[in-house]
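A.B. asks: Take a look at the following structure, please.
The values are calculated or read from the model by the stated rules, or taken from the named source; none is laboratory data. Quantities reported herein were computed from a predicted structural model and do not represent experimental measurements. Positions of Cβ are backbone-derived with ideal geometry, glycine not excepted, and every protein chain shown enters the neighbour counts.
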C-alpha cells in the first residue's frame with residue numbers, strides 16, 4: 001500500500017491521532033499537546049527522539065493499557081505503532097514550528 005495516504009495523513013492511524021489532538025479535545029487539549037511537543041523538540045537533538053517521547057506522552061496521558069495480555073491491548077499497541085508521530089507533532093504545532 002505504499003504511496004497511499006488517508007485524508008492527507010500518512011495512514012489512517014496517524015490521521016485519527018492528529019484529529020483527536022487537534023479537533024476533539026478543544027483549545028485546552030490542543031494547547032497541552034502543543035506545549036508538550038515544544039518541550040520535547042527543545043529537549044531532544046533529533047526529531048525521531050522527540051517523536052518517540054511524544055508517543056510515550058500520548059499513551060501515558062490517555063492511560064492506555066500496555067500490558068499486551070489481551071486482544072484489545074495488543075490491537076491498540078499495533079495501532080499506535082503505525083502512527084507517524086513526527087507528522088502528528090507537525091499537525092499539532094503551527095506552521096514552521098514542527099520537526
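A.B. asks: As an exercise: evaluate residue 83 against (1) in a helix (DSSP H, G or I); (2) under 13 Å from the mean Cα position of the chain (by Cα) and give the number of the one condition it does not meet.
C.D. replies: With respect to (1) in a helix (DSSP H, G or I); (2) under 13 Å from the mean Cα position of the chain (by Cα), residue 83 is out only on (1).
A.B. asks: How about the stretch 86-99: which of its residues are without any contact (Cβ under 8 Å) to a residue 24 or more places away in the chain and under 10 Å from the mean Cα position of the chain (by Cα)?
C.D. replies: 90
A.B. asks: Which ones in the stretch 1-31 are at pLDDT 75 or above and at positive phi?
C.D. replies: Passing the criteria: 7, 8.
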